Amino acid sequence: MSKTFALVDCNSFYASCEKLFRPDLKHSPVVVLSNNDGCVVARSPEAKALGIGMAVPFFQIQALARRYGVAVFSSNYALYADMSARVMSVLEDMAPAVEVYSIDEAFLDLTGVNHIHCLETFGQQMRQRVLRWTGIATGVGIAPTKTLAKLANHAAKQYPATGGVVDLSCPERQRRLLQRVPVSDVWGVGRRLNRQLQEQGVQTAADLAAMPPRLARQRFSVVLERTIRELNGESCLSLEQQPAVKQQIICSRSFGQRISQFEEMKQAVCTYAARAAEKLRQEGQFAKVVSVFIRTSPFRPGEPFYSNTATAELPIPDDDSRVIINRAVLLLRQLWRDDHLYMKAGVMLGDFHAPGCYQPELFDTPTASPGSRELMQVLDHINQSGRGQVFFAGQGMRTGWAMKRERLSPSYTTRWEDIPCVR
């Protein structure tokens, strides 16, 4: 049986989430900013029509925002994650298999569905149900391969006459769309590869599809060979229902205000180490390597630039927050230099091992801290219950360095006191 995939992508997801609980902004331009309210990371269609680009620093559009009444929000990740979970839950009810590709995108396996429903009609039903149950508008692309489904989704958003759904099951429709789409819009073709392909005379997706796969493998990579086969309707990428095991965990942020005191930096590193350890336990992994980095801003004229990283191995792979925090603080002491204004720090965990799968050296006598597993389970249970937070003393009570989010919207769906009231 031939494969059929659908890609469901939420339209302007972050901006749509912000509009959802603000009906007064239904037809107003909305933008969402990155960490520390730095750059634009999401725009509503009205904001795009004003010419506001992606990744533009906010200070460059402040005058424009005031003139046209653009609503500006800080990133509200708790709200976006919750709305994403709701959208994915609706999709999982409608499709036999779903791969959550990102916070606002999911691939669906619709193989065999065409024997029961018209695929385009089924796509419209998915759109309407997601919109009715969550309030989030989506685009749906349907095709025999994941790469073609991406292109179909792109077309569904690009051309309003499609009604938000494009079915590329027909080879003739595939051919017509490939001729229209620039090669830079093909899934997996980045800026550098696009430049190399342009030099070879490959301008459109149709040009790429016409390239012999073996030649693409010889000149570029096996990845591009698969892309070409997928553009020609040969499914090479299967649905991945289980997320890939992480090889590294990084927790880092730019500070809301620059740090010059060691104690403040220690609080930040402790906080990042605790968060990294929590993520590690969620992955069910143990880390052997801990790294810490700190740096000043490279864009401050007249100030010396300092950036450094320190790495150390734990005696045995561990997931205990106390062990990881202690090692991170020791590394920070090696890195710290006075008389600098630091703007960013981070903690990285690597060399992961599954529980019970580490082979120690001959003379090693590895011993885990007694009660560690039970203590971490209680810690995670409390912190993930939504009833309160338990944190380590090293993280501190005053976090003036914390990420700046001056335009943060309420947590409408994840905090009791922020739930909207209807009167």
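The figures follow:
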item: Those residues of the range 87-97 which are without any contact (Cβ under 8 Å) to a residue 40 or more places away in the chain and assigned to a helix (DSSP H, G or I), in sequence order; result: M88, S89, E92, D93, M94
item: Qualifying residue in the range 73-85 (condition: under 21 Å from M126 (Cβ atoms) and either of a type in the set (V, I, T) or in contact with a helix residue (DSSP H, G or I) (Cβ under 7 Å, 6 or more places away or on another chain) (or both)); result: yes
item: Filter pass, S297 being open to solvent by less than 20 Å² (accessible area, probe 1.4 Å) and at pLDDT 95 or above; result: no
item: Matching residues, the range 191-244, being open to solvent by less than 90 Å² (accessible area, probe 1.4 Å), within 24 Å of the chain's Cα centre (by Cα) and without any contact (Cβ under 8 Å) to a residue 60 or more places away in the chain; result: L193, N194, V223, L224, S238, A244
item: Residue match in the range 266-288 (condition: open to solvent by less than 50 Å² (accessible area, probe 1.4 Å) and part of a strand (DSSP E or B)); result: yes
item: Condition check for V100: open to solvent by less than 50 Å² (accessible area, probe 1.4 Å), aliphatic (A, V, I, L, M), on the phi < 0 side of the Ramachandran plot and outside any loop (DSSP other than H, G, I, E, B); result: no
item: Leading residue by the ranking (farthest from S2 (Cα to Cα)) among those in the range 145-190 that are charged (D, E, K, R) and open to solvent by 90 Å² or more (accessible area, probe 1.4 Å); result: R180
item: Criterion: modelled with pLDDT under 90 and touching a Leu at 6+ places or on another chain (Cβ under 9 Å) - qualifying residue of L168, L239; result: L239
item: Among residues of the range 300-319, those that are open to solvent by less than 40 Å² (accessible area, probe 1.4 Å), in a strand (DSSP E or B) and either on the phi > 0 side of the Ramachandran plot or not small (G, A, S) (or both), counted; result: 4
item: Any chance R333 is at pLDDT 90 or above, open to solvent by 60 Å² or more (accessible area, probe 1.4 Å) and in contact with a Ser or Thr (Cβ under 6 Å, 6 or more places away or on another chain); result: no
item: Among (1) surrounded by 19 or more Cβ atoms within 10 Å (Cβ to Cβ); (2) in contact with a strand residue (DSSP E or B) (Cβ under 7 Å, 6 or more places away or on another chain); (3) in a helix (DSSP H, G or I) - the single one S84 does not satisfy; result: (2)
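Every residue, every condition in (1) in contact with a helix residue (DSSP H, G or I) (Cβ under 9 Å, 6 or more places away or on another chain); (2) at pLDDT 90 or above; (3) closer than 22 Å to G394 by Cα, yes or no:
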site	(1), (2), (3)
R327	yes, yes, yes
G346	yes, yes, yes
D351	no, yes, no
Q359	no, no, no
G371	no, no, yes
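The values are calculated or read from the model by the stated rules, or taken from the named source; none is laboratory data. All values derive from a computational prediction rather than experimental measurement. Here Cβ is always computed from backbone atoms with ideal geometry, including for glycine, and neighbour counts include all displayed protein chains. Each accessible area value is taken on the protein alone, full model and side chains, heavy atoms only, with ligands, DNA and RNA left out. Shrake-Rupley method; radii C 1.70, N 1.55, O 1.52, S 1.80 Å.
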